[in-house]
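A.B. asks: Structure in structure tokens, see below.
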Amino acid sequence: MVTIQDVAKRAGVPEKTAARALAGLTMGKRRDAKERAERVLKAAAELGYQPSNIARALRQGRTKTLGLITGRLTNLYFAAVAEVAMDEAARAGYRLLIEISRWEAERTYHCVKDFLSYRVDGLLFTSSVPSENGHFYKLLADRHFPLVALLPGTLNFTSVYSDYTETFPEAIRYLAERGNRSVLFVLPPGRAVLNKVYSRNFEEACKAVGIRGELIDTADFGEVDVIPERMRPESVVIFGKYSLKHFVKHARLIPGYRPDIIGFYNEWTWSEHPEEVVGVLFANEESLVRTAVRELIAQIELKVPVHNISFSTEFYPMERFHEIKALNLDLDYLS
């Protein structure tokens, strides 16, 4: 393997001079320094020298690597998040490593430990930070370790999230205008932090409009399957496309049962919505993810303090569905 010593010998300069030249620290200075730097670069090209990322990381104290912890990658949303995050990281000269937690507290804990052993410069969470290991993340916060989460209210770390405070009332008002007197909000499995925030948004929206609201916190999709037959809600708001699919599948089996359904979608998942949906709470996720990656890098490089960034969402009734722009991940994504 060609070393920097070999390059220095070929160029006829001291090793430190070669190192500075290869790091771009001597170009554009005195004429003699510039000539030496050009000799070094020529020698490196002739020898096929490749710099060691590990050695560079040791010198700089950074690995230029980010860690992404996600629930799973077979889910279209999380796969798109990973691809966007990887693209945005690459633009800033960072690599992105990915660990899958399956939303399990113990697996998440080990994902974090693994990333710390890889010496990543910062972590990006796409799902809840398990409260069971809150003490561990408190240690990260006390160390001011760079971490950004794509959900609100995550311990003492920066949060970048979609805000439904304004759009929930619009959605509930729309259901009331369609003649509904009650609405059921189906919360997704395994999202404790999100469920707490969205439950508050939902309850406040129902109170403002004067419609009776009911919450159901599901542990798995099997609980969603029985809701149509057992509860027969006249209108329903469902977070999570899989929960919505399960509800619709079983609602279709009941003759004459056609509840008003409102779902949550974004530019990646909109193309999969079922025809039964009468309204949608819509979030622009690509901008959110790119911002989260930039915020994480700003923490690493500029020591930006912890703060929260919320992205506004929009409510689309079925009359405006034609305005929603879906993003085809196969044809024009990241073009």
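A.B. asks: Of everything in the range 168-201 that's over 22 Å from Arg230 (Cα atoms), in contact with a Gly (Cβ under 7 Å, 6 or more places away or on another chain) and of a type outside the set (Val, Ile, Thr), which residue is surrounded by the fewest Cβ atoms within 10 Å (Cβ to Cβ)?
C.D. replies: Within the range 168-201, the match that is surrounded by the fewest Cβ atoms within 10 Å (Cβ to Cβ) is Tyr174.
A.B. asks: Quick one: in the range 227-269, of everything that is within 31 Å of the chain's Cα centre (by Cα) and part of a loop (DSSP other than H, G, I, E, B), which residue is nearest to Ile172 (Cα to Cα)? Break it down stepwise before answering.
C.D. replies: Let us first name the residues in the range 227-269 that are within 31 Å of the chain's Cα centre (by Cα), namely 227, 235-250, 260-269.
Applying the additional criterion that residues be part of a loop (DSSP other than H, G, I, E, B) yields 239-240, 267-269.
Values: Phe239: 14, Gly240: 17, Glu267: 22, Trp268: 24, Thr269: 22 Å.
Looking at residues that are within 31 Å of the chain's Cα centre (by Cα) and part of a loop (DSSP other than H, G, I, E, B), I get Phe239.
A.B. asks: OK, next. Can you name the number of the only condition in (1) farther than 30 Å from Phe125 by Cβ; (2) in contact (Cβ under 8 Å) with a residue 40 or more places away in the chain that Arg173 fails?
C.D. replies: (2)
A.B. asks: Identify, from the list Arg59, Arg107, the residue that is modelled with pLDDT of 85 or more and open to solvent by 80 Å² or more (accessible area, probe 1.4 Å).
C.D. replies: Step by step, each of Arg59, Arg107 is checked, and only Arg107 is modelled with pLDDT of 85 or more and open to solvent by 80 Å² or more (accessible area, probe 1.4 Å).
A.B. asks: So, one more: Can you tell which of Gly263, Gly256 is on the phi > 0 side of the Ramachandran plot and either open to solvent by less than 60 Å² (accessible area, probe 1.4 Å) or free of Cβ contacts under 8 Å to residues at least 24 places away in the same chain (or both)? Working first, answer last.
C.D. replies: Numbers: Gly263 fails: on the phi > 0 side of the Ramachandran plot.
Exactly one residue qualifies, and that residue is Gly256.
A.B. asks: Which of the residues belonging to the range 9-40 are more than 30 Å from Arg119 (Cα to Cα), assigned to a helix (DSSP H, G or I) and modelled with pLDDT of 80 or more?
C.D. replies: Correct list: Lys9, Arg10, Ala11, Glu35, Arg36, Ala37, Glu38, Arg39, Val40.
A.B. asks: Right, something else. For the range 145-159: of the residues being open to solvent by less than 10 Å² (accessible area, probe 1.4 Å) and under 28 Å from Gly213 (Cα atoms), which is modelled with the highest pLDDT?
C.D. replies: That would be Leu151.
A.B. asks: Condition (residue is open to solvent by 90 Å² or more (accessible area, probe 1.4 Å), under 30 Å from Thr269 (Cβ atoms) and either touching a Gly at 6+ places or on another chain (Cβ under 9 Å) or at pLDDT below 80 (or both)) applied to the range 79-102: is it met by at least one residue?
C.D. replies: So far as the range 79-102 goes, yes, one or more of its residues are open to solvent by 90 Å² or more (accessible area, probe 1.4 Å), under 30 Å from Thr269 (Cβ atoms) and either touching a Gly at 6+ places or on another chain (Cβ under 9 Å) or at pLDDT below 80 (or both).
A.B. asks: Then there is this: Using beta carbons and a limit of 6 Å, which pairs, at least six apart or on different chains, have the first residue in the range 221-237 and open to solvent by 70 Å² or more (accessible area, probe 1.4 Å) and the second one assigned to a helix (DSSP H, G or I)?
C.D. replies: So the pair list comes out as Phe221/His246.
A.B. asks: Then there's this: Which of the residues spanning the range 284-298 are open to solvent by 10 Å² or more (accessible area, probe 1.4 Å) and not small (Gly, Ala, Ser)?
C.D. replies: Asn284, Glu285, Glu286, Arg290, Thr291, Arg294, Glu295, Ile297
The values are calculated or read from the model by the stated rules, or taken from the named source; none is laboratory data. No experiment lies behind these values; they were computed from the predicted model shown. Cβ atoms come from the backbone with ideal geometry, glycine included; neighbour counts cover every protein chain shown. Each accessible area value is taken on the protein alone, full model and side chains, heavy atoms only, with ligands, DNA and RNA left out. Shrake-Rupley method; radii C 1.70, N 1.55, O 1.52, S 1.80 Å.
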